[in-house]
Amino acid sequence: MNGLATDPAEKRLSLLIPLYAGYRQWFGGMNYIVNMLRILERLPPSEAPDVTVFDDAAGEWPDYVRTACTGSNVARVVGPGGTLLWMRDDKERQRLESIEPHARRRRLAMAADAIFPMPFSQHEAITTARHWAWIPDFQHRYLPHLFPARELAERDSVFAALADREGPILFSSRDAEADFRRFYPDHRSRPYVWSFTSTLDSGSGEDPRLVRERYHLPETYLYIPNQFWIHKDHETAFKAVERLCGQGMPLALACTGSSADPRGDSHYAGLFEWVAARGLQNRIRHLGVVEQSTQIGLLRGCTAVLQPSLFEGWSTVIEDARAIGCPIIASDLPVHREQLGEDAFYFQAGNPEDLSSVLAGVLPLLSPGPVAEREQEASRRSKQRQLTCARALLACMHADIAARPTQDGGNRH
């Protein structure tokens, strides 16, 4: 985030947010959209944009997603084929109902100042300077062994085309933007950085004691709320737990998130075969995919959040932990240091011996949650970050409108 505030004298932005059905299999993408909608609600009415959501899954979302899509800044939600799923204003509903369904989405899209975010998987739909391409990271350049050759070539081709396009590209971190400039030094696109933050609120979660009882967790436990994708590196965390248990320091590790990895299901099965072979079933637990209220209860009750990932664009896990006030133990990725600075305990990524050493030194210093004072301070800081974050996003969009060629509707204010 650059912390810039939008000029109140500027025209109210009209923002179109596509909610693609594919986000249902990518929780990071789904939560990115939800957080953005909630963050925009922090703005005073004089600064708030007019928001349209194109819901391509026609409302088939968890409750917290549907709630975010009908927040105070959302004026309308339109489904496939132009179906009007939700409207704030009855008079506008009547006007839109008078238009042929197939033309509604086009009319709303043409009226938008910015269409955001457009993930690179939707590159064929990125056709105007109002479309904000979104590249979370360049994981495939650093961990190519995790991608089939065809996907590596496709990503390189799409990213090169987006770099050569005269339009905006959004990155979640300075780290990712630096990669972009290094890989595409002759780009014609306009890069921006917007680092999202979390909107989780400890007051909206389940009682941590009841959550612990339900899942038979001890008072002291570590928590990894990551999908079981290979690059999330649960393996390093599991090996560190084994090492410390063998040294007489028994740990409990709770994990939540989907067990499915689009690169194959064998990864998850292999991890828990390893756990069973070492008799660690009571020490390392996967609790499944849980409701957001349960996740908040787990965050509040844990001793620390563990983020062992080998690569991130900007970690949702870390943002959620910050919002709740959890201590964080993270792999020493540059993006993690950008995100957290000195507010974390770091270990060498992919090194279970180093992680076990850090845990042995850190855990005796930490208290199991919830810790009221810690949560209150985290809540205060989170609300400040959200408002700054909302203003920074709109500042990026206003800046790009001013930079657009006039033939594409730039310089409109």
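The values are calculated or read from the model by the stated rules, or taken from the named source; none is laboratory data. Since this is a predicted model, take the numbers as computed values, not measurements. Glycine also receives a Cβ, built like all others from the backbone with ideal geometry; neighbour counts cover every protein chain displayed.
Residues that are hydroxyl-bearing (Ser, Thr, Tyr), within 29 Å of residue 24 (Cα to Cα) and at pLDDT 95 or above within segment 216-258 comprise 221, 223, 236, 256, listed in sequence order.
Of everything in segment 140-163 that is assigned to a helix (DSSP H, G or I) and touching a residue at least 60 places away in the same chain (Cβ under 8 Å), the residue that is nearest to residue 263 (Cα to Cα) is 146. Taking helices (runs of 4 or more DSSP H) as the structural unit, those lying wholly within segment 1-115 and holding at least 2 residues that are in the same structural domain as residue 173 (by TED's automatic domain parsing), among the hydroxyl-bearing types (Ser, Thr, Tyr) and surrounded by fewer than 20 Cβ atoms within 10 Å (Cβ to Cβ) correspond to 63-68. For segment 215-232, the criterion of being surrounded by 22 or more Cβ atoms within 10 Å (Cβ to Cβ) and among the charged types (D, E, K, R) is met by at least one residue. Scanning segment 326-341 for residues being in a strand (DSSP E or B) and either more than 23 Å from residue 389 (Cβ to Cβ) or modelled with pLDDT under 95 (or both) gives a total of 2.
If we scan segment 253-263, do we find a residue that is under 28 Å from residue 371 (Cα atoms), touching a residue at least 12 places away in the same chain (Cβ under 8 Å) and either among the acidic types (Asp, Glu) or in a helix (DSSP H, G or I) (or both)? Looking for residues that are under 28 Å from residue 371 (Cα atoms), touching a residue at least 12 places away in the same chain (Cβ under 8 Å) and either among the acidic types (Asp, Glu) or in a helix (DSSP H, G or I) (or both), one finds none in segment 253-263, hence no.
The single residue among 186, 137 that is surrounded by fewer than 17 Cβ atoms within 10 Å (Cβ to Cβ) and either not aromatic (Phe, Trp, Tyr) or not assigned by TED's automatic domain parsing to the domain that holds residue 313 (or both) turns out to be 186. The single residue among 360, 378, 323, 390 that is closer than 27 Å to residue 217 by Cα and crowded, with 22+ Cβ neighbours inside 10 Å turns out to be 323.
You will find that of 315, 293, the residue that is surrounded by fewer than 23 Cβ atoms within 10 Å (Cβ to Cβ), in the same structural domain as residue 228 (by TED's automatic domain parsing) and under 21 Å from the mean Cα position of the chain (by Cα) is 293 and no other. In segment 127-135 there is no residue that is part of a helix (DSSP H, G or I) and touching a residue at least 40 places away in the same chain (Cβ under 8 Å).
Residues that are in contact with a Lys or Arg (Cβ under 8 Å, 6 or more places away or on another chain) and part of a helix (DSSP H, G or I) within segment 356-380 comprise 356, 375, 378, listed in sequence order. A Cβ distance below 6 Å, combined with a sequence gap of six or more or placement on separate chains, defines the contacts here; from segment 286-306, residues that are farther than 15 Å from residue 212 by Cα reach residues that are of a type outside the set (Val, Ile, Thr) and assigned to a loop (DSSP other than H, G, I, E, B) in the pairs 289/258; 305/326. For residue 355, the conditions (1) of a type outside the set (Gly, Ala, Ser); (2) more than 23 Å from residue 204 (Cβ to Cβ); (3) touching a Gly at 6+ places or on another chain (Cβ under 8 Å) are fulfilled apart from (3).
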